[in-house]
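Engineer: Please see the structure below; I have some questions.
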Amino acid sequence: MKTHKISIIGAGNVGAATGFALMLNKVASDIVLYDIDEKRAEGEALDIFQGTSLVAPVDIKSGTIEDTKDSDIVVITAGAAQKPGETRLDLVNKNIAIYKKLIPEIVLHNPNAILLVVSNPVDILTYVTWKISGFPEERVIGSGTVLDTARFKSAIGRAFKIDARNVHGYVIGEHGDSEISIYSRTNIGGITFDEYYKKSKIKEKEFKKRISNEVKNAAYEIISKKGYTNYAVAVAVSRICTAILRDERSILTTSSYLRGQYHVDDVYLSTPAVIGRKGVEEILEFDLAAEEQIAFEESAHIIKNILKESNL
């Protein structure tokens, strides 16, 4: 029987939750947790391992970078956290320094893996990972706005009091402050968003804006209450890994390398993409509303400017 191996680089809050989500969702038969803090990785792996007799067979352990050898997917959650007073560029440069050391080690032991970057700022660090790794662009993916899209659907579902799984729409662009909720392509059970809204009992003038801001600021709200986010992003990462390993060809809003799609070039941003065993197998492109297109290009401009000013 074909077995699958996933290694997680970084056993902090997100990395540990990702390992747990992968175990519960039966995504891989072999999971390795690595962290520079060896005891933290050992503790998290042991905690998860002790539940393995209650789920599908899976082996989960902590280890070195060498122990990640021959992984199908390497999930990267490691990186420096932003400190008070630091700019995003400061954070980027700190993480570039970390990645210049880390990525070559990962590549050495996993030349055929798909690299899935989760650390923030994810679009920038996915581009950095692609550049350093030398991997083909389809095998370097960012978790992007998969979580933001899930938040978008959940917020609309809650507002309309319907199952969020019947909401179909996307958040694209940067995973961050310049992301764009695409209402022009959103539908509820096949009914366009605007049509459904008109028939609803909601008569809020700024409804779209409120939902978009709720989605955009979701992480800030959670961080203000508990200090970090970890559960929902772990579910999003698990979903991406499942699509890859099962060769689902699912459409997910991963951060992918763009070569002119949506009039944007040489940048990683989130768009709907077909995700399968080879990684990003196709980037879907469709017409956006004029204001959405402008916002998407502005999002790309923000990311490219930071990369231009960085130490890459």
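Engineer: What do you get when you divide the Cα radius of gyration of the stretch 1-62 by 2.2 N^0.38 Å, with N the number of residues? Write down the numbers at each step before the final one.
Structural biologist: Working: Rg = 10.6 Å, N = 62, 2.2 N^0.38 = 10.6 Å.
So the stretch 1-62 has a normalised radius of gyration of 1.00.
Engineer: Could you tell me the center-to-center distance, by alpha carbons, between the stretch 136-164 and the stretch 1-53 in angstrom?
Structural biologist: 23 Å
Engineer: Which order do the peptides 262-275, 113-126, 64-77 come out in when sorted by mean C-beta neighbours inside 10 angstrom, highest first?
Structural biologist: 113-126, 262-275, 64-77
Engineer: Treating each Cα of the stretch 86-160 as an identical point scatterer and ignoring solvent, apply the Debye formula and state log10 I(q)/I(0) at q = 0.27 Å⁻¹.
Structural biologist: So the normalised log intensities work out to -1.21.
Engineer: Now for a different question. Tell me the angle of helix 231-245 to the major Cα principal axis of the chain, expressed in degrees between 0 and 90 and rounded to the nearest ten.
Structural biologist: 80 degrees
Engineer: For the chain, what is the relative contact order in percent, using Cα pairs closer than 8 Å and at least 6 residues apart in sequence?
Structural biologist: Values: 591 pairs, mean separation 55.4, N = 312.
Across the chain, relative contact order equals 18 percent.
Engineer: At Asn166 and Tyr220, where each label point lies 7 Å from the Cα along Cα→Cβ, what is the point-to-point distance in nanometres?
Structural biologist: Rounded to a tenth, the inter-label distance reads 3.3 nm.
Engineer: Pairs to check: Lys100/Lys209; Lys83/Lys304; Lys83/Lys278; Lys205/Lys308. Give those whose C-alpha atoms are more than 30 Å from each other in this structure.
Structural biologist: Lys100/Lys209; Lys83/Lys278; Lys205/Lys308
Each value in this text was obtained by applying a stated rule to the coordinates, not by laboratory testing. Just so it is clear, the model here is predicted, and its values are computed rather than measured. Heads up, the Cβs are rebuilt from the backbone with ideal geometry, glycines too, and the neighbour counts pull from every protein chain shown.
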